[in-house]
Amino acid sequence: MAGPISNRLDVVVVGAGQAGLAIGYFLAQQGSDFTILDAAEEPAASWRGRWDSLKLFTSARYDALPGLDFPGDPDRYPTRDEVADYLTDYAQRFELPIELNSRVRSISKAAQGYLVELDNRAYEAGQVVVATGPFQAPLVPAIAERLDEAVVQLHSTAYRSPESIPEGRVLVVGGGNTGFQIAKELSASREVHLSIGSRQMPLPQRLLARDLFWYLDKTGLIRKTAASRIGRRMQQREDVLIGSSPRAAGRHGIELHGRTVGAEGSTVSFSDGATLDVGSVIWATGFRADHSWIDVPVFGEAGRVVHDRGVTKSPGLYFLGLLWQHTRGSALLGWVKDDAEYLSQRIEALRADSPTPDTEIAGAT
Ligand SMILES: Cc1cc2nc3c(=O)[nH]c(=O)nc-3n(C[C@H](O)[C@H](O)[C@H](O)COP(=O)(O)OP(=O)(O)OC[C@H]3O[C@@H](n4cnc5c(N)ncnc54)[C@H](O)[C@@H]3O)c2cc1C
């Protein structure tokens, strides 16, 4: 057990990324008694942990959280550090109550609401919002274990810059935006191969001098719900490649391969039977969700959260920032506010319906 219950709050938000901050903005406006707990030791940790040269695929016009424009030219594509600075400034400007170094170890049902346990303390909260991000545990295929120790291997989350990869041939596995961007960056200084498991539809970042997201916004596509006919079709497709394409990769001298299906020693094999000797492998193979620390029965097949626009069947327990939580925009900087506002209204409505216990639990263990 985590130690004393130090506080009883209306709402605990877990995660201080863009989703946690966006709902924090609305909770603060409501005058809610809440805190935002984040495991990291610095704000905007997910963004700071991404590779050095990362540029957003959304222009600054579409990178703002509620109440504060993203600074600078709205048509430019901000860097990783600019996003981290914006989120840090956002939290300060709206005086959001963020507790860093605060990893939540478990959430379980309590007599009134939820018990939120950390290593050294616990909270009892009437309601809880889980905003721990759409990209959690890095996913690397099991065949990676069959490569020699001499082959340098890392997941894309550990990639920072070309300097961190040894000289020589590199294989990037994964044909999403991340795989293409890392392959392109490395191609300036070494021989790069890119393994594409399933082809994604390439879309230009700009069309007729307008950002792609301008069209998605103006046509309403970005706000089509997951349950709509077009939303269902969009989800079934692999995601889209924004501003990259196999043809452009070829122009950078990147050699393309099919799906990586095997590995032995320092040799990787592909679905077309071809093989390649490699010095380094970067696995841009995605993530899986990890909600194993939440001890409330709101999960279905393969641990998927069962919810309706982030509202679970367990009253007062919500998720925010999931991929396709409600629309394609749900896990993006510029649109997470729509779900955040919706959940804040649900939170307010439930709070108005429930009696507030005002007795502090002292020294409970
Ligand atoms: C490479 C890459 C590029 C992207 N580019 C764009 C882009 O151009 N435009 C765009 O709109 N979106 C982009 N996204 C998508 C999305 O905006 C980001 O993934 C964003 O970080 C998601 O924000 P979030 O708040 O939901 O989660 P996160 O930013 O991941 O924040 C979650 C927070 O929860 C904390 N946490 C996790 N578990 C616990 C726990 N148990 N207890 C306490 N704290 C915990 C973490 O420390 C973290 O700070 C990109 C994503 C990736 C991976």
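The values are calculated or read from the model by the stated rules, or taken from the named source; none is laboratory data. Not measured: the values here are computed from a predicted model. Cβ atoms come from the backbone with ideal geometry, glycine included; neighbour counts cover every protein chain shown. Each accessible area value is taken on the protein alone, full model and side chains, heavy atoms only, with ligands, DNA and RNA left out. Shrake-Rupley method; radii C 1.70, N 1.55, O 1.52, S 1.80 Å.
Contact list please: Cβ distance under 8 Å, first residue in segment 290-301 and without any contact (Cβ under 8 Å) to a residue 24 or more places away in the chain, second residue open to solvent by less than 50 Å² (accessible area, probe 1.4 Å), pairs at least six apart or on different chains.
Ser292/Gly303; Pro297/Ser314; Val298/Val305; Val298/Thr312; Val298/Ser314; Val298/Leu317; Phe299/His291; Phe299/Val305
Collect the residues in segment 155-192 that are open to solvent by 40 Å² or more (accessible area, probe 1.4 Å), of a type in the set (A, V, I, L, M, F, W, C) and within 26 Å of the chain's Cα centre (by Cα), keeping them in residue-number order.
Ala158
Is it true that Gly262 is within 30 Å of Val151 (Cβ to Cβ) and either small (Gly, Ala, Ser) or part of a loop (DSSP other than H, G, I, E, B) (or both)? Write out each step before concluding.
Values: within 30 Å of Val151 (Cβ to Cβ): yes; either small (Gly, Ala, Ser) or part of a loop (DSSP other than H, G, I, E, B) (or both): yes.
Yes: the conditions hold for Gly262.
Can you name every residue in segment 113-131 that is within 10 Å of the ligand (Cβ to nearest atom), part of a strand (DSSP E or B) and within 24 Å of Gly329 (Cβ to Cβ)?
Taking segment 113-131 first, the residues within 10 Å of the ligand (Cβ to nearest atom) are 116, 118, 130-131.
Imposing the further condition that a residue be part of a strand (DSSP E or B) reduces the set to 116, 130.
Across segment 113-131, the qualifying residue is only Val130.
Identify the single condition in (1) within 10 Å of the ligand (Cβ to nearest atom); (2) aromatic (Phe, Trp, Tyr); (3) not in a helix (DSSP H, G or I) that Phe70 does not satisfy, given that it satisfies every other one.
Result: Phe70 passes all but (1).
Taking segment 45-56 on its own, how many of its residues are touching a Phe, Trp or Tyr at 6+ places or on another chain (Cβ under 7 Å) and either part of a loop (DSSP other than H, G, I, E, B) or open to solvent by less than 20 Å² (accessible area, probe 1.4 Å) (or both)? Walk me through how you get there before you give the answer.
So in segment 45-56, the residues touching a Phe, Trp or Tyr at 6+ places or on another chain (Cβ under 7 Å) come out as 51, 55-56.
Keeping just the survivors that are either part of a loop (DSSP other than H, G, I, E, B) or open to solvent by less than 20 Å² (accessible area, probe 1.4 Å) (or both) gives 51, 56.
Residues meeting the conditions: 2.
Do we find a residue being free of Cβ contacts under 8 Å to residues at least 40 places away in the same chain and farther than 24 Å from Val116 by Cβ anywhere in segment 302-322?
Within segment 302-322, one or more residues are free of Cβ contacts under 8 Å to residues at least 40 places away in the same chain and farther than 24 Å from Val116 by Cβ.
Scan Asp75, Asp81 and give me the residue that is assigned to a loop (DSSP other than H, G, I, E, B) and of a type outside the set (A, V, I, L, M, F, W, C).
Details: Asp81 fails: assigned to a loop (DSSP other than H, G, I, E, B).
Unique residue meeting the criteria: Asp75.
Quick one: which of Leu256, Leu333 is more than 16 Å from the ligand (Cβ to nearest atom) and of a type in the set (A, V, I, L, M, F, W, C)? Spell out how you get there, then give the answer.
Working: Leu333 fails: more than 16 Å from the ligand (Cβ to nearest atom).
Of the residues listed, the single one that is more than 16 Å from the ligand (Cβ to nearest atom) and of a type in the set (A, V, I, L, M, F, W, C) is Leu256.
As an exercise: evaluate Tyr25 against (1) farther than 30 Å from Lys184 by Cα; (2) within 9 Å of the ligand (Cβ to nearest atom); (3) surrounded by 18 or more Cβ atoms within 10 Å (Cβ to Cβ); (4) not β-branched (Val, Ile, Thr) and give the number of the one condition it does not meet.
(2)
Return the total of residues in segment 132-147 being charged (D, E, K, R) and either within 7 Å of the ligand (Cβ to nearest atom) or surrounded by 15 or more Cβ atoms within 10 Å (Cβ to Cβ) (or both). Can you show your working first?
We begin by selecting, within segment 132-147, every residue charged (D, E, K, R); these are 145-146.
Cutting the leftovers down to either within 7 Å of the ligand (Cβ to nearest atom) or surrounded by 15 or more Cβ atoms within 10 Å (Cβ to Cβ) (or both) gives us none.
Residues meeting the conditions: 0.
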